[in-house]
Amino acid sequence: MAALPLAGLRGPRPKPPVPRALAPEDARDVAANIGSRYEAGRHQEAALQAARDAALFTLLYGCGLRIAEALSLDMRDAPLPGSEAALRVRGKGGKERIVPVLPAVRTAIAAWVIHRAGAAPDAPLFIGARGARLDPAVAQRSLREYRRLAGIPEHATPHALRHSFATHLLGGGADLRAIQELLGHASLSTTQRYTAVDAAALLETWRKAHPRAD
């Protein structure tokens, strides 16, 4: 009896995990307060790091960027107050997209750019302690340290801020196609994962509010 060709069989493709967004108040907390962990007035470097982190994480949540996209920006790309120009972002595969910028993002970027006076237009917008383009691992460590101090959930990462951007827009009634464009997703099916997040949040709200939910 011939052996069954089981080795050639494939099981069902696993579904990608549902994005884990932060609660709106936690996402706002990160953007507004992450710089507070640096000792105020200790030295100039602390003020620089505080302004940099506030600008970076406000940008991630306010514009839904990937961490690599934000760290690839140059000084000429900085969205500053007084301008209504959208931010041009180069995403995966070199695909360019246009992202609108909130006033709060422009204000945070302006507070950081003060520390970059004299930088050339093609210099990196976000830099590390040695003046080179900021390493993603440094940004991830900054958020990891802050979330422990602030008691924010462990899944709070730079990429979770991007998830939060999309989830909170969807919860506010934004069109799924518009969110796809803002995130730079090639396929709408990738963006549709956020509908599962929104549905889960809706169910949790119902469970907390409905008198017969238990």
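The values are calculated or read from the model by the stated rules, or taken from the named source; none is laboratory data. None of the values given here were measured: they were computed from a predicted structure. Cβ atoms come from the backbone with ideal geometry, glycine included; neighbour counts cover every protein chain shown. When the accessible area is computed, the model is the full protein with side chains, heavy atoms only, and any ligands, DNA or RNA have been set aside. Shrake-Rupley method; radii C 1.70, N 1.55, O 1.52, S 1.80 Å.
Please tell me if residue 213 is modelled with pLDDT under 85, farther than 25 Å from residue 102 by Cβ and open to solvent by less than 50 Å² (accessible area, probe 1.4 Å). For residue 213, the condition - modelled with pLDDT under 85, farther than 25 Å from residue 102 by Cβ and open to solvent by less than 50 Å² (accessible area, probe 1.4 Å) - is met. For region 101-124, a residue qualifies if it is open to solvent by 80 Å² or more (accessible area, probe 1.4 Å) and under 16 Å from the mean Cα position of the chain (by Cα), and exactly one does: 102.
Yes or no: region 168-176 includes at least one residue that is closer than 14 Å to residue 29 by Cα, modelled with pLDDT under 95 and either open to solvent by 50 Å² or more (accessible area, probe 1.4 Å) or under 15 Å from the mean Cα position of the chain (by Cα) (or both). Scanning region 168-176 turns up no residue that is closer than 14 Å to residue 29 by Cα, modelled with pLDDT under 95 and either open to solvent by 50 Å² or more (accessible area, probe 1.4 Å) or under 15 Å from the mean Cα position of the chain (by Cα) (or both). Looking across region 78-100, the residues that are loosely packed, with under 15 Cβ neighbours inside 10 Å and more than 15 Å from residue 181 (Cβ to Cβ) come down to 80, 81, 82, 83, 84, 85, 93, 94. Among the residues here, residue 66 does not qualify as surrounded by fewer than 22 Cβ atoms within 10 Å (Cβ to Cβ) and without any contact (Cβ under 8 Å) to a residue 40 or more places away in the chain.
Looking at the structure I just gave you, is residue 46 of a type in the set (Gly, Ala, Ser), in a helix (DSSP H, G or I), surrounded by fewer than 18 Cβ atoms within 10 Å (Cβ to Cβ) and out of contact with any Cys (no Cβ under 9 Å at 6 or more places or on another chain)? Considered against the rule, which asks whether it is of a type in the set (Gly, Ala, Ser), in a helix (DSSP H, G or I), surrounded by fewer than 18 Cβ atoms within 10 Å (Cβ to Cβ) and out of contact with any Cys (no Cβ under 9 Å at 6 or more places or on another chain), residue 46 comes out as yes.
Within region 136-151, restricting attention to residues that are in contact (Cβ under 8 Å) with a residue 24 or more places away in the chain and open to solvent by 70 Å² or more (accessible area, probe 1.4 Å), the residue that is farthest from the chain's Cα centre (by Cα) is 149. Looking across region 60-90, the residues that are part of a helix (DSSP H, G or I), hydrophobic (A, V, I, L, M, F, W, C) and farther than 20 Å from residue 131 by Cβ come down to 60, 63. Among residues of region 20-37 that are at pLDDT below 90 and open to solvent by 40 Å² or more (accessible area, probe 1.4 Å), those with a beta-carbon under 8 Å from a residue that is aromatic (Phe, Trp, Tyr) and not in a loop (DSSP other than H, G, I, E, B) at least six positions away or on a different chain give the pairs 37/146.
Within region 106-157, can you find the residues that are charged (D, E, K, R) and not in a loop (DSSP other than H, G, I, E, B)? Those that are charged (D, E, K, R) and not in a loop (DSSP other than H, G, I, E, B): 106, 116, 133, 141, 144, 145, 147, 148.
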